[in-house]
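The values are calculated or read from the model by the stated rules, or taken from the named source; none is laboratory data. Owing to the predicted nature of the structure, the values given are computational and were not obtained by experimental measurement. Here the Cβ positions follow ideal geometry from the backbone for every residue, glycine too, while neighbour counts run over all protein chains shown. Protein only, heavy atoms only, side chains kept; ligands, DNA and RNA dropped before computing areas. Shrake-Rupley method; radii C 1.70, N 1.55, O 1.52, S 1.80 Å.
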Amino acid sequence: MGKSGRDWTQIYAIYGVEEWQTPVFLLMNAVGFAALSVVFLLYFEPICLLLQHHHFLRGPAAARFAAGFTGSVTALSAVCLLFAAANFFYSAVALHWEMSQRIVSSVPDWSSVRHALDLGCGRGILLNAVALQLKKSGSSGRVVGLSPPRTGALIPNHTLRTAGLEGVQEYVTCRPGDPRTLPFSDSYFDVVVSAAFVHTVGKEFGQKTAAAAAERMRVLGEVVRVLKAGGVGVVWDLVHAEEYVQRLRELKMEEIRVSEGVTAFMATSHIVSFRKPPHHFLGSAEVRLDWRFSYNLSSLHSIT
């Protein structure tokens, strides 16, 4: 049983594993390296003789060292690949579910939420966690799950199916859209959440490039734009928490909090939560801050 009281087999049965090819590929390589290391263990002496016979190495000591070293590296590679496959499999569903529970618990009052957004909803683990929270709190609100255009034709049907299995289909809407130019009006959502998604935006430029960083910051700017004054944003993501915090500070967000690190998909992940402040006032006139994305060259240099 997981910390949330759910049976992991039930969770995996509902959601499956997104991009399952990756853990399968890692597992197949782990099995291959493990088999090779067993060969080195069982046929150690013949391998040493083979190395000597073909003059690859001179002397029995050098041959034994080379065979032992190669066998050890092969076995270690098998263990590392097996761990990577297990971590990916765990992160994709079980950890995703646990982190989703932490994300929804970061929002103090779901009963007052009317509109929520799950950015990069995937198969709906976080989306349905939000919907379940709305249902439990007695809210009449709804949550929109947004997927990038490249998967928009495939994801919504599967996501709506999982919402039906969770019994929250009446709380959920799915649609494709570009996270860098969200198809929603300013100050529309009470809550915006996202799980292990923002780091994928701009990856075509290379994860460590200034262009990729600018794309991620553009997404954060859009998240802030569509949040209502006083609205809450919660982002669980890999690697880039520090730059998210920096950008949120530049956008003058309040109550910025960063969780302790959690290993997910073989990388360090954090939950970053914040609140959008009320509109600012100057004298008797209300001045609305321009929350739209604006990323200049100096800010690019500051994160690279």
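Amide H contacts under 5 Å for Y43: none, restricted to partners 5 or more places along the chain or on a different chain, H placed in the peptide plane at 1.01 Å from N.
Determine the dipole magnitude for the chain: charges of +1 sit on the beta-carbon of Lys and Arg, -1 on that of Asp and Glu, nothing else is charged, the reference point is the Cα centre, and the result goes in debye to the nearest 20.
Details: 28 positive and 24 negative charges, 31 e Å.
Here the chain has a charge dipole of around 140 debye.
Taking the protein heavy atoms of the chain in the context of the full set of protein chains, the accessible area attributed to carbon and sulfur is 61 percent at 1.4 Å. Compared with the direct C-alpha span, the chain from L36 to V17 gains 4.0 nm at full extension, assuming 0.36 nm per residue. Counting only residues at least eight positions apart within a chain, or on another chain, the lysines with an alpha carbon under 16 Å from that of K252 are K228, K276. Helices of the chain meeting both criteria, an alpha-carbon length of 27 angstrom or more along the long axis and an average Kyte-Doolittle score not below 0.5, with helices taken as full DSSP H segments, are 21-42, 60-90. For a test of the definition: using alpha carbon positions, the gyration tensor, and the 1.5 limit on a/c, classify the stretch 1-137 as rounded, prolate or oblate. Verdict is prolate for the stretch 1-137.
Taking R0 as 30 Å, what's the FRET efficiency between I256 and F83 from their Cβ-Cβ distance, rounded to 0.05? Present the calculation step by step, with values, prior to reporting the outcome.
Values: r = 33 Å, r/R0 = 1.11.
So, using R0 = 30 Å, E works out to roughly 0.35.
For the options A78, A210, A63, a Gaussian network treatment of the chain with springs between C-alpha atoms closer than 10 Å singles out A63 as fluctuating the most.
Can you list, largest first and rounded to whole Å, the semi-axes you get for the chain by taking the square root of 5 times each eigenvalue of its Cα gyration tensor? Taking √(5λ) for each Cα gyration eigenvalue gives 47, 24, 15 Å. Each peptide in 80-93, 9-22 was scored by the mean count of other Cβ atoms within 10 Å over its residues; highest first, the order is 80-93, 9-22.
Spin-label model, A62/K136: points 7 Å from Cα along the beta carbon direction are separated by 6.7 nm. Over the stretch 171-282, accessible surface divided per residue gives 40 Å², non-protein components excluded, 1.4 Å probe. Accessible area per residue was computed with a 1.4 Å probe on protein heavy atoms; H115 scores about 60 Å².
Summing -39500 (n - 2.57) over the DSSP H runs of n ≥ 4 in the chain and dividing by its residue number, what mean residue ellipticity at 222 nm do you reach, to the nearest 500 deg cm²/dmol?
On the way: 11 runs with 144 residues, N = 304.
Value at 222 nm, helices only, nearest 500: -15000 deg cm²/dmol.
Working ranking of peptides 166-172, 180-186 by packing, defined as the average number of other Cβ atoms within 10 Å per residue, highest first, is 166-172, 180-186.
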